[in-house]
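Contents: one structure, followed by commentary.
The values are calculated or read from the model by the stated rules, or taken from the named source; none is laboratory data. Note that this is a predicted model, so its numbers are computed, not measured. Don't worry about glycine lacking a Cβ; one is built from the backbone with ideal geometry, like all the others, and counts go over all protein chains shown.
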Ligand code: ADP
Ligand code: MG
């Protein structure tokens with residue numbers, strides 16, 4: 001060990017202290033205990049492996065599914081002076097990275113899952129001192145998860161070849177099926193599970209049936225100050241909505257994976273710098289974007305899952321100040337979802353169907369939205385939060401005795 005943990009936290013990362021369960025997770029890793037950490041987006045998962053990577057002898061191998069995200073993290077780690085590199089299909093300096101790894105000159109090595117599971121990489125690790133395996137976005141290992149990636153399944157033999165190296169799996173999004181599956185797939189004992197609280201009390205949740213969406217969104221924007229994100233279901237819809245909403249007088253841009261990379265980057269940079277811009281985007285926008293003062297997130301259509309909804313709406317109010325999440329939905333969203341599920345591999349249909357049913361519960365409930373969200377993540381919240389549409393304006397059609405019975409039988 002090179003220095004004590006608080007000193008590294010302060011001097012290298014520049015943080016005055018740990019947040020939430022970070023301390024517990026880092027403590028387990030320093031003690032060599034395998035761990036699955038479930039922490040919401042923005043909770044600071046990266047620190048949970050980056051800090052041990054600096055503190056421990058040897059290199060921490062990080063598996064992460066998206067090259068763009070990996071390179072963002074890599075740059076951030078290098079910026080604070082961590083000796084970090086990546087091995088992906090777009091990296092040209094493989095030989096140098098391998099040499100640095102062998103000679104003990106790396107704290108942190110990011111690899112794509114398809115590299116990590118290969119024989120060549122395993123050989124390389126045999127001649128290296130490894131401090132830790134970190135598996136980011138670990139829900140990708142599970143078919144129950146909303147983003148299954150077969151390459152993640154191939155990681156297990158690699159982990160098992162180095163039984164003395166602690167393994168840390170991290171994810172923001174895992175219902176209890178996915179959670180159990182990650183533990184089994186990655187060989188982490190049940191007592192290695194650490195779950196951070198999911199509640200974002202400063203976010204006010206509201207759900208609306210779609211009824212003239214452009215007008216609904218224009219009204220919403222007119223009543224809101226500060227930057228906001230509108231998630232639209234298709235690329236074409238983002239551009240069309242952006243044009244419509246720009247007529248409100250608010251600076252408005254579009255973002256999706258099909259845009260020219262320069263325009264995309266320019267739009268993202270403009271949003272990050274802006275204090276009042278509305279970004280109309282597909283869900284390609286947001287991963288790895290750290291803008292604390294987003295005041296509202298609106299979904300123009302039903303998201304793919306509660307996990308997705310939580311993560312996307314969670315980009316509002318990271319600064320802890322009041323923020324809003326609005327979800328607009330229509331019956332046709334459910335029809336489209338059913339069609340999409342019908343086209344899937346039968347193995348995956350069950351999980352996807354459960355996800356849509358859970359979303360149905362969220363949009364149709366006359367009771368607390370937050371309670372539904374939090375229960376989905378395995379928490380046991382009070383029946384009313386006082387900061388969602390249903391708590392603030394209880395819908396008249398709900399029969400009180402029926403509601404009471406529902407809670408009693410829950
Ligand atoms: P996640 O991967 O869980 O979404 P990140 O690791 O990207 O979160 O961290 C989110 C933000 O929180 C980053 O800006 C990071 O610098 C910040 N952060 C992480 N840990 C701390 C801490 N202990 N104190 C203050 N800020 C922190
Ligand atoms: Mg992360």
Filtered residues of segment 1-47 (kept if closer than 20 Å to residue 163 by Cα and surrounded by 18 or more Cβ atoms within 10 Å (Cβ to Cβ)): 25, 26, 28, 29, 34, 35, 36, 37
Residue count for segment 327-339, restricted to those that are surrounded by 15 or more Cβ atoms within 10 Å (Cβ to Cβ) and assigned to a helix (DSSP H, G or I): 3
Condition met for residue 17 (free of Cβ contacts under 8 Å to residues at least 24 places away in the same chain, closer than 29 Å to residue 174 by Cα and within 12 Å of ligand 1 (Cβ to nearest atom)): yes
Test: residue in segment 27-41 that is near ligand 1 (Cβ under 9 Å from one of its atoms), part of a helix (DSSP H, G or I) and either at pLDDT below 95 or over 22 Å from the mean Cα position of the chain (by Cα) (or both): no
All positions within segment 301-325 that are touching a helix residue (DSSP H, G or I) at 6+ places or on another chain (Cβ under 6 Å) and not in a helix (DSSP H, G or I): 301, 302, 303, 305, 325
The lone exception for residue 191 - which of (1) farther than 19 Å from residue 140 by Cα; (2) within 16 Å of ligand 1 (Cβ to nearest atom); (3) at pLDDT below 95 it fails: (2)
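Considering segment 46-70 alone, what residues qualify as being part of a loop (DSSP other than H, G, I, E, B) and within 14 Å of ligand 2 (Cβ to nearest atom)?
Matches in segment 46-70: 64, 65, 66.
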Lone unmet requirement of (1) more than 16 Å from ligand 2 (Cβ to nearest atom); (2) within 15 Å of residue 229 (Cα to Cα) for residue 265: (2)
Spans of helices (runs of 4 or more DSSP H) in segment 340-402 with at least 1 residues at pLDDT below 90: 346-364, 369-376
Subset of segment 26-45 (residues that are within 13 Å of ligand 2 (Cβ to nearest atom) and either in contact with a strand residue (DSSP E or B) (Cβ under 6 Å, 6 or more places away or on another chain) or free of Cβ contacts under 8 Å to residues at least 40 places away in the same chain (or both)): 37, 38, 44, 45
Per-region count, segment 129-147, residues within 13 Å of ligand 1 (Cβ to nearest atom) and part of a loop (DSSP other than H, G, I, E, B): 2
